[in-house]
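The values are calculated or read from the model by the stated rules, or taken from the named source; none is laboratory data. As the structure is a computational prediction, the values presented were derived from the model and not from experiment. In this analysis, Cβ positions are derived from the backbone assuming ideal geometry, glycine residues included, and neighbour counts consider all displayed protein chains. Each accessible area value is taken on the protein alone, full model and side chains, heavy atoms only, with ligands, DNA and RNA left out. Shrake-Rupley method; radii C 1.70, N 1.55, O 1.52, S 1.80 Å.
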Amino acid sequence: MLIVYAVVVLGVLGLIFGMILDFASKKFAVEVDPKEAEVLEVLPGANCGGCGFPGCGGLAAAIAKGEAPVNGCPVGGAGVAEKVAAIMGVDAGSGEKLVANVRCKGTCEATKNKYEYSGIQDCRAAASLIGGPKGCSYGCLGLGTCVQVCKFDAIHVIDGVAVVDEEKCVNCGKCIDICPKGLIERKPANKTVTVQCKSNDFGKAVKENCSVGCIGCGICFKECPFDAIIFENKLAQIDYDKCKQCNKCAMKCPTKVIKPKERKKPAPKPAPKPAEAVAPKTEAKPAEVKEEAKTVEATDEKQGN
């Protein structure tokens, strides 16, 4: 009897608590825009924060409220923007792809060091020691802090300098935020010509520390027919809205610090096939012709018999 009593009591208590929870869930329910859930479903789920919001959920909520553009996800690109626009019933708009760009070309061979660094393998730690070991206080330290924060394997340190793989880069901005030198900037993916230096030193100081730095000579500024070169603080910069990728600045640069646009070489024409040698026809000798005629006649006579 006691067992039955206990079961009944527990059943009644469960029913009471269930009713209380049901009432509370309806009373204190937070209304969620159904579009927010739909937007969140089409977002890539990288949660990189490159959009400026705390993860994909934050961006989805902002888009649903109209506080963020439908193309606000840098990882998803145009494909995701079109899907989100369809959900929100607006135009996705046209935006060119942006990628990260490291403005330094100072490899191990091209630069000098002030001292030998043997501390924590972190660019921020090295930069705290009188700007780092490199003679150029503006240059890439090459310790790979940007590599560690990139979730897309889009940046690697090659010969002491960080290099971006533009095919993998999704413009999340993590490397830009972490670089203590402020060397990494965004640029249009379809613009290859770039000034790979960010030093504001005078030309003489640049030459003493790096053989491939911008010396502020102004030749690129004079050569550009589109007024796409800007000089600020002794440093050449490119106005990508005006740049036509003509390569004139890169060809004239004395230190080759301007990366040119690679021109595709035409495919070589296939070599003509050698003519096949034709064996000369040999004329039958008169004796052989007579012998063949006799053979044919003998065959005809046998068939007639």
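Overview of results
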read-out	value
Matching residues, region 59-78, being in a helix (DSSP H, G or I) and either open to solvent by less than 40 Å² (accessible area, probe 1.4 Å) or farther than 25 Å from K187 by Cα (or both)	L59, A60, A61, A62, I63, A64, K65, G77
Search result, residues across region 22-39 that are modelled with pLDDT of 80 or more and either exposed (fewer than 10 other Cβ atoms within 10 Å of the Cβ) or closer than 30 Å to M88 by Cβ (or both)	P34, K35, E36, A37, E38, V39
Looking only at region 167-218, and only at residues there that are touching a residue at least 12 places away in the same chain (Cβ under 8 Å), surrounded by fewer than 17 Cβ atoms within 10 Å (Cβ to Cβ) and over 29 Å from the mean Cα position of the chain (by Cα), the one that is farthest from D239 (Cα to Cα)	E208
Candidate set from region 40-58 (those that are over 22 Å from the mean Cα position of the chain (by Cα) and in a helix (DSSP H, G or I)); member that is surrounded by the most Cβ atoms within 10 Å (Cβ to Cβ)	L40
Given (1) open to solvent by 100 Å² or more (accessible area, probe 1.4 Å); (2) at pLDDT 95 or above; (3) not small (G, A, S), number of the condition C253 does not satisfy	(1)
Members of region 115-143 found to be under 13 Å from V161 (Cα atoms), outside any loop (DSSP other than H, G, I, E, B) and not basic (K, R), listed by number	C123
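Each row is one residue, and each column tells you yes or no for (1) touching a residue at least 24 places away in the same chain (Cβ under 8 Å); (2) outside the structural domain of C197 (by the TED database); (3) charged (D, E, K, R).
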{"site": "L13", "(1), (2), (3)": "no, yes, no"}
{"site": "L40", "(1), (2), (3)": "no, yes, no"}
{"site": "V75", "(1), (2), (3)": "yes, yes, no"}
{"site": "A110", "(1), (2), (3)": "yes, no, no"}
